[in-house]
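Written out below as structure tokens is the structure these notes cover.
The values are calculated or read from the model by the stated rules, or taken from the named source; none is laboratory data. Model, not experiment: these values are computed from the prediction. Methodologically, a virtual Cβ is constructed for each residue, glycine included, from the backbone with ideal geometry; neighbour enumeration extends over all protein chains shown.
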């Protein structure tokens, strides 16, 4: 299967999966599209069992091998993806090897503060949710 076709299939699957299970991938917050795009790009790397090493590696992949996918996701400014449009702060992104306890509910990207007591979180599966502080604390236990 060609890379372009594979990217189209992946995007279609992610969009379809987001509509299944009775719960949308994001509960409708404004300015969440870029966050969803970044989470999808992260998942495109992580589904192969690896993760970006650091921000520079992630950005290089977005502008390199993932450029066709980024274009389909309508990413215009790869650098801008790394800052929340809602709280104006850099996003917290998990880099490097996953911990042994990593699973599908592992948060790999999240806003520092979010807005109105809620923040966006991106999961290892590529799904995105807007959660309150109590749910965030459950998803990101202190080490």
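Test residue 104 against the criterion of being without any contact (Cβ under 8 Å) to a residue 40 or more places away in the chain and either closer than 22 Å to residue 44 by Cα or surrounded by fewer than 15 Cβ atoms within 10 Å (Cβ to Cβ) (or both), and give yes or no.
Yes, satisfied.
Exactly one condition in (1) under 16 Å from residue 124 (Cα atoms); (2) surrounded by 13 or more Cβ atoms within 10 Å (Cβ to Cβ); (3) modelled with pLDDT under 95; (4) over 15 Å from the mean Cα position of the chain (by Cα) is false for residue 53; which is it?
Of everything listed in (1) under 16 Å from residue 124 (Cα atoms); (2) surrounded by 13 or more Cβ atoms within 10 Å (Cβ to Cβ); (3) modelled with pLDDT under 95; (4) over 15 Å from the mean Cα position of the chain (by Cα), residue 53 misses just condition (3).
Could you please find all residues in segment 107-143 being without any contact (Cβ under 8 Å) to a residue 40 or more places away in the chain, surrounded by 12 or more Cβ atoms within 10 Å (Cβ to Cβ) and assigned to a loop (DSSP other than H, G, I, E, B)?
If the condition is that a residue be without any contact (Cβ under 8 Å) to a residue 40 or more places away in the chain, surrounded by 12 or more Cβ atoms within 10 Å (Cβ to Cβ) and assigned to a loop (DSSP other than H, G, I, E, B), then 112, 113, 114, 140 are the ones that fit.
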